[in-house]
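Undergrad: Next up is a structure, given as structure tokens.
Where a number appears in this text, it was derived from the coordinates with a stated rule and is not lab data. Given the structure is predicted, the values throughout are model-derived calculations rather than measurements. A quick note on method: Cβ atoms are made from the backbone with ideal geometry, for glycine too, and the neighbour counts reach across all protein chains shown.
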Amino acid sequence: MEELNKTIFKEFILVGFSDLHQYQILLLIVLLLMYITSVIGNFAVIALVKAGPSLHCPMYYFICVYAALEISFVSVTIPKLLANLTGSSKKISFIGCFLQLYIFNALGITECYLLAVMAFDRNLAIHYPLRYSSIMNHLFVILSVVLPFAISFIITLFPTIFTAYLKFCGPNEINHFICDLAPLQNLACSNPFISKVATSMATIFSSLTSFILIIGFYTHIIITIIKIKGMESKHKAFSTCSSHIIVVCLFYITVIIVYINPQGSQYDKFLALMYTVIVPMLNPFIYTLRNKDVKEALYKIMLLKLKD
């Protein structure tokens, strides 16, 4: 508490994209449309899975949870960014800043682990098709969702607390549109070494570890698919994974670039737009347009609606 008491101000200023004066309105409109598309699209995925009996299986249950995560993820950051772009107050309280930081990073880490769980699910379905239903029972599926949340919110506590205990004596302008670890650590008057180590460790135990697990699962999946006889069977097996592979690539490329070296740079906020806005907006389209089962379920629902 002593270090916290040395902080001489009670709020931060999120600079965001204030330097792009001539593009403020354009950026506001684009981001608002992307935010609305992301929320509606992910809600549509959840509604579609719920309405389609053929989609009531573990894989689509995980997709629903992931869609709900995406809605929460964008809603933690984008409304504040939109308010910032409208010319409203760019200020955020000290507590509000660290609360946003904690929830944003916890949800991000949860996504990392959930993507690994989804890769494990596909590996299990392709490698052990006969045992899949008995292993992926209701209890196991629930635990597979609850554990990523629990672990993520615990892991995120450490870098958040260490960063909150740094001494902030000015300036209080964060060169980002969200309160994140690296920009805050760069503002600290005290030595942020421990905070940066905690951030790197959290990154290794979340993003990097889950990414390695996903690579391992998909290596196993590819080996199994190669052994399958018949091109049609191989294509069918791989098609169940293609959407997930695209989502993983989109998410991890920017996350690893930004967080594996938490020094912070002027480009971080532009890269952050990729995984905070663009990826959540694209995911519903990836999971629907590239998924035969989802398209068939949507077609059946539309036929039923037309008949009614």
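Undergrad: Of the trypsin sites (Lys or Arg not before Pro) in the stretch 112-199, which ones lie in a loop per DSSP and count no more than 11 other C-beta atoms within 10 Å?
TA: 131
Undergrad: Now a separate question. At R0 = 35 Å, how high is the FRET efficiency between residue 299 and residue 25 if r is their beta carbon distance? Nearest 0.05 is fine.
TA: Details: r = 40 Å, r/R0 = 1.14.
Calculated value: 0.30.
Undergrad: Also, I was wondering about something else. Once both labels are modelled 7 Å past Cα along the beta-carbon direction, what's the residue 15-residue 201 spacing in nm?
TA: 3.0 nm
Undergrad: Hey, another quick one. In whole Å, how far is the Cα centre of the stretch 197-220 from that of the stretch 221-239?
TA: Here the answer is 26 Å between Cα centres.
Undergrad: For residue 90, give me every one of the lysines with a C-alpha distance below 30 angstrom, ignoring sequence neighbours fewer than eight places off in its own chain.
TA: 6, 10, 80, 167, 196, 269
Undergrad: Which option, (1) 6, 27, 36, 23, 7, 1, 0; (2) 6, 25, 31, 22, 12, 4, 1; (3) 6, 23, 34, 28, 9, 1, 0, is the value of P(r) over Cα pairs in 10 Å bins from 0, in percent that was calculated from these coordinates?
TA: Among (1) 6, 27, 36, 23, 7, 1, 0; (2) 6, 25, 31, 22, 12, 4, 1; (3) 6, 23, 34, 28, 9, 1, 0, the one calculated here is (2).
Undergrad: Label residue 253 and residue 142 with points 7 Å out from Cα along Cα→Cβ: what is the distance between them in nm?
TA: Distance between label points: 3.9 nm.
Undergrad: Further question: From the phi angles alone, apply the Karplus equation (6.51, -1.76, 1.60; θ = phi - 60°) to the stretch 205-211 and give each ³J(HN,Hα) in whole Hz, x where the residue is Gly or Pro.
TA: 6, 10, 4, 5, 4, 5, 5
Undergrad: In degrees between 0 and 90, to the nearest 10, how far off the longest principal axis of the chain does helix 94-127 point, with axes built from Cα atoms?
TA: Taking the Cα atoms of the chain, the angle to 94-127 is about 20 degrees.
Undergrad: Mind checking the full-extension length gain between residue 212 and residue 154? Use 0.36 nm per residue of separation minus the Cα-Cα distance, one decimal, nm.
TA: 18.8 nm
Undergrad: If you fit an axis through the alpha-carbon atoms of helix 193-203 and take the longest principal axis of the Cα set of the chain, what angle between them do you get, 0 to 90°, nearest 10?
TA: Rounded to the nearest ten degrees, it is 10.
Undergrad: Please say if the stretch 190-243 is rounded, prolate or oblate, where rounded means a/c under 1.5 for a ≥ b ≥ c the square roots of the C-alpha gyration tensor eigenvalues, and otherwise the choice is prolate for a/b larger than b/c and oblate otherwise?
TA: Here the stretch 190-243 falls in the prolate category.
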